[in-house]
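Chemist: Questions regarding the structure given below will be posed in turn.
The values are calculated or read from the model by the stated rules, or taken from the named source; none is laboratory data. The model shown is predicted, which means the values in this text are computed figures rather than measured ones. Cβ: placed from backbone, ideal geometry, glycine included. Neighbour counts: every protein chain shown. Only protein heavy atoms, including side chains, enter the accessible area calculation; ligands, DNA and RNA are left aside. Shrake-Rupley method; radii C 1.70, N 1.55, O 1.52, S 1.80 Å.
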Amino acid sequence: MRIVWLFSGIALFAAAAAHGQSTPGFAASAGQRTLLNQYCAYCHNEHTKSGGMSLAQLSPDLAEKIVRKVRVGLMPPPGMPRPATDAARLFVTSLETTIDTAAGPQPNPGRPALHRLNRTEYANSVRDLLGVQIDVSTLLPADDMSHGFDNMADVLTMSPALMEGYVRAAGRISREAMGDPAARPITSTYSIPRVLSQVRHVEGTPLGTRGGMAVLHDFPADGKYVFKVGFYYSPTGPLFGMNQGKGQQIEIAIDGARVALLDINPAMTLARDGIKTPPIDVKAGPQRVSASFPQKADGPIEDEYRMVEQSLVDVSVGTVPGMTTLPHLHELSITGPAKVEGISETPSRKRILTCKAAAPRDEIPCAKQILAPLARQAYRRPVAENDLEPLLTFFQSGRNEGGFDTGIRTALQAILANPEFVFRFERAPAGVAPGANYRISDLELASRLSFFLWSGPPDEALLSAAAQGRLHDTAVLEKQVRRMLADPRAAALATNFAGQWLHLQNLKIVNPDLFEFPDFDRTLANSMRRETELLFENVVREDRSVLELLTADYTFVDERLAKHYGMPNVMGSRFRRVTLTDQNRFGVLGHSGILTLTSTALRTSPVQRGKYVMEVLLGVPPPPAPPNVPALPENADLRTGHVARPLSVRERLEEHRKSPACAGCHKLMDPIGFALENFDAVGVWRTNDSGFRVDPSGTMFDGAKLNGPATLRQAVLSHSDAFLGTFTENLLAYGLGRVPESFDMPVVRAIGREASRNGNRFSAYVLGIVKSAPFQMRRAEESELASTTTEGNR
């Protein structure tokens, strides 16, 4: 029967090849067919369809899947006959050339959906327009993700509820920017989660203090405000920190200057939570408010238990005699203004109010002078009279109700709620045939470029170049790209692109077991994330090779992370670059953040770590797990008698792999994860697991021998073409704001080839994307042409 299947697969594949394939212009060569028939058709034919794949109908999409898996040695699977390494590499190169040649005459640049600004882009646009920093999470719901990114146009849809949210956000932001003379007393409360350390200095608080918090609070008007602080308590009611006795204090500061120093009563209980300041005069505008504890002493403390970073791991110890505990802030509330005493000249008002109306007849010309540049920047294009007329109507309406400032605030709210601000429109020029490719305008290209590199709108230099029609000049475009990469706003590539590509956002939700890992807290998680972001940012800023993400013999640490790594002589919350001597820590595979987010709460997970390397770094995700797979048994089950003795993670996985349904996938992922097993669940180096010596040895699916992080890094680097291709594909998807398709892969390869000639420098990839057809062009469709006739080019 196996021989019948083999020959039937070969026959069907050969028939399909002889028929010319299902895609015009695409046909496998005789040499390609020979290799596929010899090594692949046995499993992937019309009868077996292993992995849901049959080679009977070879298409570019299917060919791309073959290229992806054969390139890294994932196919043919381990244990099956394989072509020699050189033959496999030649086959992949040949098949890529066939695909690229077929796509060449008529490349498809794609057609992104109408792109709504995501929350980050919206907040950055408000910041650049008005100079106002907003917490957008309190105004708009979280964005959905597609292809691992939250800027994909296909999921940035608009609903009636979301539309109302943008209108409400526009009202709140406009009042925050202009001040609110009719502000009523309201209470804003900021809280500190229990998992955030308060035993050290917190960034943003005055030097010489520990713990607490610092927040950027916008005061709507000049007036008197009351500040209230609440603390953590033991379950039975007493203050956590009561054992310190009298003398504990908490300081309230505004922009670093102390405005109140409050004594903490150690006899306080939860029933009368918190203490208040008297009313304090505060000017309108954004101010940094902090509440922190003056440091009374510093040095080692003798205690009955080991001091841990997560000091609130057990609040019940706060009442145990002999235990050393310190008060911990839980909440900071700001209430006011009790009475509006005026509106000070805030930075945002200075930016907005570029003129003053000396007489009523000057108000409309002055309003126009204020609103025209704001609308130009907000709409990301030059504005005409028909853009300003509605804004002046809103101004007049607000002016009639509350004066000139109210009129400007009303018009500003209309700008922020306008679809031209919330959406990035790209319109087809007149006369474009259905299905034809066309070049987007310079202004649309400017928006694509700025939201790609800055996650925000174009600045005046970029907007002016686009308005003058110079942005399609290759030299001008490249000059703008290099200028923008050198701008501090390019840090968005690290926090947004790299953060989502490498899944760093998941560090917000990881919660290692408090009693297994009492030194892990949210402060450490934030430092872990920042370490990887700063490595990526360094590659961008210094225009280094992208491969340095894997090979970097340096990293960035603050005091908290340095202590976690056992690095001496690093003090304070400032991150600094340090040289690494341990090769196991080189690159992102040695970063604790990556190792923590690929672990469970109680232990390491070789499966998750192996999947991460395959999917994120090599671009070959393993097959999904079958349904109803039992969870790996935990050593904690010893307490209930379910396990005879503690088992290492390797031993438990070996038992798990005895199931035939599990073995196929696990033999791909587990060896990769075992190579990282010397790192525990929070990325600390160890030599033992559950009392057993860690065994990091294994064989990767391509046959590479592994015995630790250094050999795993070399194994990944041996497939550097796959790593760089995966990086390019993800960067292109992020830059386009759409999910990449198989027809984009020839562009990905062309960008990679050009970048390799430039040392794989980061700028080479960015320039390759920016100059590519998908970035500079669109494909017209009938629906787009129909909408163009009604919308026109405004």
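Chemist: Could you pull out every one of the lysines with an alpha carbon less than 18 Å from that of LYS69, ignoring same-chain neighbours closer than 8 positions?
Modeler: LYS49, LYS611, LYS667
Chemist: Can I ask one more? In whole Hz, with x marking every Gly and Pro, tabulate ³J(HN,Hα) for the range 584-594 from phi via Karplus 6.51 cos²θ - 1.76 cosθ + 1.60, θ = phi - 60°.
Modeler: Residue by residue, the range 584-594 yields 5, 9, 5, x, 5, 5, x, 7, 4, x, 5 Hz.
Chemist: Now for a separate question. Please say if the range 413-457 is rounded, prolate or oblate, where rounded means a/c under 1.5 for a ≥ b ≥ c the square roots of the C-alpha gyration tensor eigenvalues, and otherwise the choice is prolate for a/b larger than b/c and oblate otherwise?
Modeler: Taking the square roots of the gyration eigenvalues as a ≥ b ≥ c, the range 413-457 is oblate.
Chemist: What order do you get for 255-266, 323-334 when each peptide is scored by the mean count of other beta carbon atoms within 10 Å, highest first?
Modeler: Result, highest mean Cβ count within 10 Å first: 323-334, 255-266.
Chemist: Work out the length of the dipole vector of the chain about its Cα centre, built from +1 on the beta-carbon of each Lys and Arg and -1 on the beta-carbon of each Asp and Glu, and round it to the nearest 20 debye.
Modeler: 520 debye
Chemist: A further question follows. Using Cα-Cα distances under 8 Å and only pairs 6 or more residues apart, what relative contact order does the chain have, in percent?
Modeler: 14 percent
Chemist: Which one of ALA177, SER188, MET163 has its Cα pushed farthest toward the positive end of the charge dipole of the range 136-249, where Lys and Arg give +1 and Asp and Glu give -1 at the Cβ?
Modeler: SER188
Chemist: Using each residue's phi in the range 398-405, evaluate 6.51 cos²θ - 1.76 cosθ + 1.60 at θ = phi - 60° and report the 3J(HN,Hα) Karplus result to the nearest Hz, with x for Gly and Pro.
Modeler: Coupling constants for the range 398-405: x, 4, 5, 8, x, x, 4, 4 Hz.
Chemist: HIS330's amide H: which non-local residues (gap 5+, or another chain) put their own amide H closer than 5 Å, with H modeled 1.01 Å from N in plane and none for Pro or chain starts?
Modeler: Those lying under 5 Å, H to H, from HIS330 are GLY230, PHE231, TYR232.
Chemist: Now for a separate question. Quick one: which residues, 5 or more positions from LEU580 or on another chain, have an amide H under 5 Å from its amide H? H modelled 1.01 Å from N in the peptide plane, none for Pro or chain starts.
Modeler: The list, which skips near neighbours in sequence, is TYR554, THR555.
Chemist: Follow-up question, since we're still on this one. Charges on Cβ only, +1 for Lys and Arg, -1 for Asp and Glu, centred on the Cα centroid of the chain; of LEU90, ALA103, LEU717, which one is farthest towards the dipole's positive end?
Modeler: LEU90
Chemist: Give the shape of the range 110-194 as rounded, prolate or oblate, defined through the alpha-carbon gyration tensor: a ≥ b ≥ c are the square roots of its eigenvalues, a/c under 1.5 means rounded, and otherwise the shape is prolate if a/b is larger than b/c and oblate if not.
Modeler: Verdict is prolate for the range 110-194.
Chemist: Still on this model: Enter the accessible area of ARG119 (Å², nearest 10), with the probe set to 1.4 Å and all protein chains included.
Modeler: Solvent-accessible area, nearest 10 Å²: 60 Å².
Chemist: Any idea what the relative contact order of the range 85-198 is, in percent, if you count C-alpha pairs under 8 Å spaced at least 6 apart?
Modeler: RCO, the range 85-198: 22 percent.
Chemist: Which value, in debye to the nearest 20, gives the size of the charge dipole of the range 111-235 about its Cα centre, when Lys and Arg are +1 and Asp and Glu are -1 at the Cβ?
Modeler: The dipole magnitude comes to about 440 debye.
Chemist: Continuing with the same structure: Determine the calculated [θ] at 222 nm for the chain from helices alone, applying -39500 (n - 2.57) to every DSSP H run no shorter than 4 residues and normalising by the residue count; nearest 500 deg cm²/dmol.
Modeler: -12000 deg cm²/dmol
Chemist: Would you tell me the accessible area of GLU444, worked out with a 1.4 angstrom probe on the heavy atoms of the protein chains, in Å² to the nearest 10?
Modeler: 30 Å²
Chemist: Another question, then. With each label point set 7 Å from Cα along the Cα-Cβ vector, what nm distance links GLU460 and PHE423?
Modeler: Each label point is offset 7 Å from its Cα along the Cβ direction, giving 3.0 nm.
Chemist: OK, next. Whole Å is fine, so just give me how far the alpha carbon centre of the range 746-770 lies from that of the range 576-593.
Modeler: That distance is 26 Å.
Chemist: Right, here's the next one. For the range 558-568, what does the Karplus curve 6.51 cos²θ - 1.76 cosθ + 1.60, with θ = phi - 60°, yield as ³J(HN,Hα) per residue in whole Hz, taken in order and with x for Gly and Pro?
Modeler: Per residue, the Karplus-derived 3J(HN,Hα) values read 10, 4, 5, 6, 4, 4, 4, 8, x, 8, x Hz.
Chemist: Can I ask one more? Could you pull out every residue, at least 5 positions away or on a different chain, whose amide H is within less than 5 Å of the one on VAL739? Hs are placed 1.01 Å off N in the peptide plane, and Pro or chain starts have none.
Modeler: Close amide H contacts, sequence-distant or interchain: ASP154.
Chemist: Would you mind working out the magnitude of the charge dipole of the range 456-586 relative to its Cα centre, with +1 at each Lys and Arg C-beta and -1 at each Asp and Glu C-beta, to the nearest 20 Debye?
Modeler: Charge dipole, the range 456-586, about its Cα centre: 260 debye, nearest 20.
Chemist: Next question, about the same structure. Set the bar at 25 Å for Cα to Cα. Now go through LYS224/LYS350; LYS246/LYS276; LYS508/LYS705 and name every pair that lies beyond it.
Modeler: Checking Cα-Cα distances, LYS508/LYS705 exceed 25 Å.
Chemist: Here's a follow-up. Under 1.5 on a/c is rounded, so check that first for the chain, then, if it is not, pick prolate when a/b is larger than b/c and oblate when it is not; a ≥ b ≥ c are the square roots of the alpha carbon gyration tensor eigenvalues.
Modeler: Taking the square roots of the gyration eigenvalues as a ≥ b ≥ c, the chain is oblate.
Chemist: Obtain the nm distance between the two label points defined at LYS283 and GLU654 by a simple spin-label model: each point lies 7 Å from its Cα along the Cα-to-C-beta direction.
Modeler: 7.1 nm
Chemist: Which is farthest toward the positive dipole end of the chain among ALA773, SER464, GLY285, measuring Cα position about the Cα centre, with Cβ charges +1 (Lys, Arg) and -1 (Asp, Glu)?
Modeler: Sorting the options by dipole projection puts first ALA773.
Chemist: Put MET163, MET614 in order of accessible area, largest first, 1.4 Å probe: what do you get?
Modeler: MET163, MET614
Chemist: Which length gain, in nm to one decimal place, applies between ASN511 and ILE364 when the Cα-Cα distance is subtracted from 0.36 nm times their residue separation?
Modeler: Between ASN511 and ILE364, full extension yields 47.2 nm more.
Chemist: I'd like the distance between the alpha-carbon centres of the range 668-718 and the range 530-573, rounded to an integer number of Å.
Modeler: Rounded to whole Å, the Cα centres lie 22 Å apart.
Chemist: Show me the ranking of peptides 576-587, 725-736, 173-184 by mean Cβ neighbours inside 10 Å, starting with the highest.
Modeler: My ranking of the peptides, most packed first, is 725-736, 173-184, 576-587.
Chemist: Over the range 495-567, what relative contact order in percent results from Cα pairs under 8 Å that are six or more residues apart?
Modeler: Once divided by the residue count of the range 495-567, the mean separation gives 30 percent.
Chemist: Could you compute how much accessible surface CYS40 exposes when probed at 1.4 Å, giving the result in Å² to the nearest 10?
Modeler: The value for CYS40 is about 20 Å².
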